Amino acid sequence: MKRVNKFRLRPTKEQEKVLFSLCEMSAVLWNKLNYIRRQAFFEGKFDWKEGVSELYNEFRPILGAGITQQVIWKNNEAWRSFFALLRFKGQGALPPHIRKVSPPRYWKDRESGKRKLMTCVRNDVYRIEEVNGKKYLVLPKRLRIRISGEIKWKGKQGRLEIFYDDLTGRWYAYQSVEVNQPRRATSPEKRAFVDLGVINIITTWIEGEKQPIAFSGKSLLADWWYWNKKISHYQSIAKKVNGVDTTKRIRKYYRKRQLRFRHAINTIVFRFIKFCSEKGVAEVVVGDVRGIRDNIARGSKVNTMIHNFWSFRYITERLKTTAENFGIKVKLVKESDTSSVCPRCGSTNAYKHKRLFKCFNCGLEAHRDVVGVLNIAHLSVRTGGFNGGLALPELPRVHPLVAQTP
C-alpha cells in the first residue's frame, strides 16, 4: 500500500533562493506543457507527445533530468485522470462528489496571478539522512536542507513533492512510500458495525459485545462553530471596510478550522480502529451515508451542520486508510432508514425526537444512533435479536482537540 510522509523544510536564506528558483521554473514548465495540451484538447487534436521533447530539452539544463521528467509525468497523470473522469461522465458513473469535470489547471493562483511554487523530484535523485539526531533532505543542485517532522512510513521511496505555503511562508514536502501491510486474520472473524453521525461521530457495536460505544463529536462541533463565527465576523468587517469577501486573515482561519476538524476526526478514527484491533476485529462494516444531504431542509443551523460540518467522505476515507494500517477491512453498506426501524420487531411505527427512539409496537426505548448501528448489523449478519442492555451507548472520554494548538 502507498502512504505519504509529510515534513517541513527549514532552508537557509541561500537554500531558499535555490528552492524558489526551482519551483518557479517547474511552474513555468508545467504551465507551458499544460497550455499546449489544453489548446490541443479544445481544438479536438490532443497528442501526448506534442511539445514534450522540446520542453524536456529546454528545461533539463535548468532543473535537471530528475525534476524535469517528474513534472512532465505529473502533468501526464493529471490529464489521464481528466480523461478517466470524462469516460465516467459519459457512462453516467461519475462519483457523486464530483459535479464538474475540467481539464488540469495551471500552477497559478487565480486571485493574485502569481505562480504556485512547487516541484517534483524523482525517487532516485534525493535521499533523507540523519546525523546526530537531525534529519536532512539531500536534493540536486547541491542542496542539503534541514527538515523536521516524523518520518512515519518506511519502505520503497517514491516521488518527492515540494511546495511553498504562501499563507504561512513555510516550505513543506510530501514523500510517497510503498509499504507492505498484511491483512489481519482472526478466527472466528469478528466484525464491528458503524453508524456515522454529527453529535456522535462514530457509534459502533462489535460482535460478541453487550454494549455499543459512541465517540462524541460535541467538542469538535463546538470548536467548528467557534471558528465559523470568527470567520463570519471578519468577513463582515472586510466587506464593510474594503468591499471584499476574503482576506489573508480569513483564509488562515478557514485553514485553521479545517486542520482542527481533520485533526479531531483523525484522533477519533485512530482510537476507534485501535480499539477494534484490540478486540480482534477483522472487518468494519460502515453505513454508507452518500446522498444523505439531498433534499434536506431542516433550518439554517441544521443545514449548516449537515452540508458544511459533516464531511462524510473525509471520515469514510480516514476509516479506510487507518483500518488498512492495522490490517482491517472496511465495507460500506446501504443504511437508508436504519434509524427509523425498530431493531427488535421491525416496526416503523415509532416516536423519534432528537436522540430518542420509542417503538409504539413493542415499547422499545433506545438511543437513535444505537438503533441505527444495530440495524446496520441486521443488514449484514444475523445478530440474534435485540439485547435490552444495548439501548444506550457507552461514551468513552475522547478529547480530540486537546493536542491541537489553537
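The values are calculated or read from the model by the stated rules, or taken from the named source; none is laboratory data. Since this is a predicted model, take the numbers as computed values, not measurements. Note that each Cβ is placed from the backbone with ideal geometry, even for glycine, and that neighbours are counted across all protein chains shown. Heads up: the accessible areas ignore ligands, DNA and RNA and are worked out on the full protein's heavy atoms, side chains in. Shrake-Rupley method; radii C 1.70, N 1.55, O 1.52, S 1.80 Å.
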All-but-one check, Gly44 against (1) assigned to a helix (DSSP H, G or I); (2) on the phi > 0 side of the Ramachandran plot, failing number (1)
Can you tell me which residue within segment 361-378, out of those that are out of contact with any strand residue (DSSP E or B) (no Cβ under 8 Å at 6 or more places or on another chain) and part of a helix (DSSP H, G or I), is farthest from Val198 (Cα to Cα)?
His378
What pairs can you find where one residue is in segment 275-290 and farther than 9 Å from Val333 by Cα and assigned to a strand (DSSP E or B), the other is open to solvent by 20 Å² or more (accessible area, probe 1.4 Å) and not charged (D, E, K, R), and their Cβ atoms are less than 8 Å apart, with a gap of 6+ or different chains?
Val281/Thr186; Ala282/Ala185; Ala282/Thr186; Glu283/Val330; Val284/Val330
Kindly indicate the residue of segment 122-142 that is of a type in the set (Val, Ile, Thr) and outside any loop (DSSP other than H, G, I, E, B) and also nearest to Ser176 (Cα to Cα) among those meeting that condition.
Ile128
Residue by residue through segment 325-360, note down the ones that are crowded, with 18+ Cβ neighbours inside 10 Å, in a loop (DSSP other than H, G, I, E, B) and of a type in the set (Val, Ile, Thr).
Ile328, Thr338, Val341
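Checking the condition open to solvent by 60 Å² or more (accessible area, probe 1.4 Å) and either closer than 29 Å to Leu332 by Cα or out of contact with any His (no Cβ under 6 Å at 6 or more places or on another chain) (or both), which residue from Ile201, Ile237, Ile206 passes? Can you show your working first?
Working: Ile201 fails: open to solvent by 60 Å² or more (accessible area, probe 1.4 Å); Ile206 fails: open to solvent by 60 Å² or more (accessible area, probe 1.4 Å).
Going through Ile201, Ile237, Ile206 in turn, the sole match is Ile237.
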Restricting to segment 252-271, name every residue that is more than 17 Å from the chain's Cα centre (by Cα) and open to solvent by less than 90 Å² (accessible area, probe 1.4 Å).
Tyr253
Within segment 91-108, is even one residue open to solvent by 70 Å² or more (accessible area, probe 1.4 Å), part of a helix (DSSP H, G or I) and either at pLDDT below 95 or out of contact with any helix residue (DSSP H, G or I) (no Cβ under 6 Å at 6 or more places or on another chain) (or both)?
yes
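With the structure loaded, tell me whether Gly217 is free of Cβ contacts under 8 Å to residues at least 40 places away in the same chain, open to solvent by less than 60 Å² (accessible area, probe 1.4 Å) and either of a type in the set (Asp, Glu) or more than 19 Å from Thr338 (Cα to Cα) (or both) or whether it fails that test. Before you say what the answer is, go through the steps one by one.
On the way: free of Cβ contacts under 8 Å to residues at least 40 places away in the same chain: no; open to solvent by less than 60 Å² (accessible area, probe 1.4 Å): yes; either of a type in the set (Asp, Glu) or more than 19 Å from Thr338 (Cα to Cα) (or both): yes.
For Gly217, the condition - free of Cβ contacts under 8 Å to residues at least 40 places away in the same chain, open to solvent by less than 60 Å² (accessible area, probe 1.4 Å) and either of a type in the set (Asp, Glu) or more than 19 Å from Thr338 (Cα to Cα) (or both) - is not met.
Assess whether Glu24 counts as being outside any helix (DSSP H, G or I) and in contact (Cβ under 8 Å) with a residue 12 or more places away in the chain. I'd like the intermediate steps shown before the answer.
Values: outside any helix (DSSP H, G or I): no; in contact (Cβ under 8 Å) with a residue 12 or more places away in the chain: yes.
No; evaluated as a whole, the condition is false for this residue.
So if I check each of Ile145, Ile162, which one is over 28 Å from Glu324 (Cβ atoms), touching a residue at least 60 places away in the same chain (Cβ under 8 Å) and either in a loop (DSSP other than H, G, I, E, B) or open to solvent by less than 40 Å² (accessible area, probe 1.4 Å) (or both)?
Working: Ile162 fails: over 28 Å from Glu324 (Cβ atoms).
It is Ile145.
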Those residues of segment 332-356 which are at pLDDT 80 or above and under 20 Å from Ile268 (Cβ atoms) amount to Leu332
What's the number of the only condition in (1) of a type in the set (A, V, I, L, M, F, W, C); (2) in a loop (DSSP other than H, G, I, E, B); (3) open to solvent by 40 Å² or more (accessible area, probe 1.4 Å) that Leu167 fails to meet?
(3)
